[in-house]
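Structure, as structure tokens:
Coordinate-derived values only; no laboratory data. Given the structure is predicted, the values throughout are model-derived calculations rather than measurements. Here the Cβ positions follow ideal geometry from the backbone for every residue, glycine too, while neighbour counts run over all protein chains shown.
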Amino acid sequence: KRHILSLETFTAEEYETLLETADSFREVLSRRTKKVPALQAQVVANLFFEPSTRTRSSFELAAKRLSADTLNFAGSSSSLTKGETILDTAKTYVAMGANILVIRHRQAGVPHTIAAEMDRLEGNVSVFNAGDGQHEHPSQALLDLFTLYQLLSPSSPHQFLQGKKIAIVGDILHSRVARSNLYSLTTMGATVHLAAPPTLLPREFQEFLGEKLVCHWQVEPALTDADFIMTLRLQKERMSEHLLPSLREYHQQFGITRDRVLLAHPHVKILHPGPVNRGVEISSDLMDDPELSLISQQVTSGVAVRMALLYLIGTSD
Ligand code: CP
């Protein structure tokens, strides 16, 4: 692969390679020096046209741990404000020597457009999708997968989620994280149960992946006997007013609370990609419960997983 734009075509073998590579970088990160010379003289440009805390910082840290140079860009303080286009911005960074572009944009397809232009120019530049609109967020789904892999510690990554029930609850409609996770979790063997109000869970999702995917318009059947609960943020910034539910009502009907967690498997764990609306999609005390919440581990996993992605793409011919 030259680019990481979507998980739609990822194979089980590719997930397995990614998990094993991330595991070796997790070991590197546990050492005192934490750094390897794998991407020396390579330049990673983080082009974030939409806000980010975790993704941007962990791509930057991952690149630095691999000894690459990093360039950071924020739309509001850039020449975009003077009318420069996104493509010209990307080409400007390539002209400075960037050979890996990490791109986030509020419109679906922007990283794909930039990747196509880079291929046309034959400059050997790789593009990573760091979240495009409501479409996909591949590195988030991969770090979620790695978090589960580490927790379950299987002897092999092959189909390591076989037999597991994973509930994804929340604003599915606007969630690029949910889309990417549907590909990765089902390919690795899990059955995914989606739950949201009808306005946030379109019926076509049921046809998305056949029998590995079940849709619910109430939360309880999704949570019953679930091994993992992934809760998603209500993306108010992507909702028109008529779609936005009352936050109190949403919490009452779909919020992950201690009472509702009792429906799940006794060893259930909770994931959330962040950022969290505390007390809306999840009660504040659950979020901070170290016995139940994997939220901090997800953030930690992000560095090793992004090192693995940068390494695998940056060292391929
Ligand atoms: N999960 C995620 O993408 O978080 P950020 O928006 O902070 O990068």
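Rounded to the nearest 500 deg cm²/dmol, what is the calculated helix-only ellipticity per residue at 222 nm for the chain, with -39500 (n - 2.57) per DSSP H run of length n ≥ 4? Could the numbers behind the result be given before it?
On the way: 11 runs with 119 residues, N = 317.
Value at 222 nm, helices only, nearest 500: -11500 deg cm²/dmol.
Counting DSSP beta bridges with both partners in the chain, what percentage is antiparallel, nearest 5?
5
If we count every other residue with Cβ under 9 angstrom of residue 189's Cβ, Lys/Arg +1 and Asp/Glu -1, where does the sum land?
For residues surrounding residue 189, the net value is +2.
Given points 7 Å out from each Cα along the Cα-Cβ axis, report the residue 67 to residue 2 separation in nanometres with one decimal.
It is 2.7 nm.
Out of residues 5 or more away from residue 282 or on other chains, whose amide H comes under 5 Å of its own, with H placed 1.01 Å from N in the peptide plane?
It is 256, by chain and number.
Taking θ as phi - 60°, what are the ³J(HN,Hα) couplings along segment 230-238 by the Karplus curve (6.51, -1.76, 1.60), each to the nearest whole Hz, with x for Gly and Pro?
Each residue of segment 230-238 in turn: 10, 9, 10, 6, 6, 8, 4, 5, 9 Hz.
Quick check for you: which residues of segment 273-317 have the amide N under 15 Å from the point 7 Å beyond the Cα of residue 124 toward its beta carbon?
The answer is 313-317, whose backbone nitrogens lie closer than 15 Å to the label point.
For segment 155-189 and segment 201-240, what is the separation of their C-alpha centers, rounded to whole Å?
Cα centres, segment 155-189 to segment 201-240: 11 Å.
With labels modelled as points extended 7 Å from the Cα through the Cβ direction, what inter-label distance (nm, one decimal) is found for residue 14 paired with residue 252?
It works out to 4.5 nm between the two label points.
Give the lysines whose C-alpha is closer than 19 Å to that of residue 91, dropping any in the same chain fewer than 8 places away, or say none.
82
Which of the GluC sites (Glu not before Pro) found in segment 22-128 are loop residues per DSSP with 11 or fewer other Cβ atoms within 10 Å of their Cβ?
Listed in order of number, the matching sites are 122.
Check which residues have an amide H placed less than 5 Å from residue 128's amide H, if you skip close sequence neighbours.
Close amide H contacts, sequence-distant or interchain: 4, 101, 102, 103.
Need the list of lysines near residue 164 for cross-linking: C-alpha distance under 27 angstrom, and skip anything on the same chain fewer than eight residues off.
Result set, ordered by chain and number: 212, 269.
Output ³J(HN,Hα) for segment 164-178: one whole-Hz value per residue in order, computed from phi by the Karplus curve 6.51 cos²θ - 1.76 cosθ + 1.60 with θ = phi - 60°, and x for Gly and Pro.
Those phi angles translate into 8, 9, 10, 9, 10, 10, x, 7, 5, 3, 9, 9, 5, 5, 4 Hz.
Would you mind calculating the relative contact order of segment 250-312 from Cα pairs under 8 angstrom and at least 6 residues apart, reporting the percent as a whole number? Can you show the working numbers first?
Working: 45 pairs, mean separation 22.6, N = 63.
Relative contact order, segment 250-312: 36 percent.
Might you report the magnitude of the Cβ-based charge dipole of segment 179-274 about its Cα centre, with Lys and Arg at +1 and Asp and Glu at -1, to the nearest 20 debye? Before the final figure, lay out each step's value.
Numbers: 10 positive and 10 negative charges, 58 e Å.
Using only the charged Cβ atoms, the result is roughly 280 debye.
Taking H as built 1.01 Å from N, whose amide H comes closer than 5 Å to the amide H of residue 137, not counting residues under 5 places away?
Sorted by chain and number, the residues that satisfy this are 180.
Once you list every other residue whose beta carbon is under 13 Å from the beta carbon of residue 255, what net charge do they have if Lys and Arg are +1 and Asp and Glu are -1?
-1
Once you keep just the Cα pairs under 8 angstrom separated by 6 or more residues, what percentage relative contact order results for segment 37-189?
So the answer I get is 20 percent.
Looking at the calculated P(r) for segment 8-60, what percent of the C-alpha pair distances fall above 13 Å?
The answer is 74 percent, as a whole percent.
Measure nothing fancy, just the Cα-based angle from helix 138-152's long axis to the longest principal axis of the chain, in degrees from 0 to 90, nearest 10.
Tilt relative to the chain: about 60 degrees.
Rounded to whole Å, give me the distance from the Cα center of segment 269-285 to that of segment 27-48.
Segment 269-285 and segment 27-48 have Cα centres spaced 30 Å from each other.
To the nearest µm²/s, what D does Stokes-Einstein give for the chain at 25 °C and 0.890 mPa s, using the Kirkwood radius over alpha carbon pairs as Rh?
Working: Rh = 20.1 Å.
Result for D is 122 µm²/s.
Give, as a single signed number, the net charge of other residues whose beta carbon lies under 14 Å from the beta carbon of residue 99, with Lys and Arg counted +1 and Asp and Glu -1.
-2
Determine by what factor the alpha-carbon radius of gyration of segment 138-298 differs from 2.2 N^0.38 Å, reporting the quotient.
0.96
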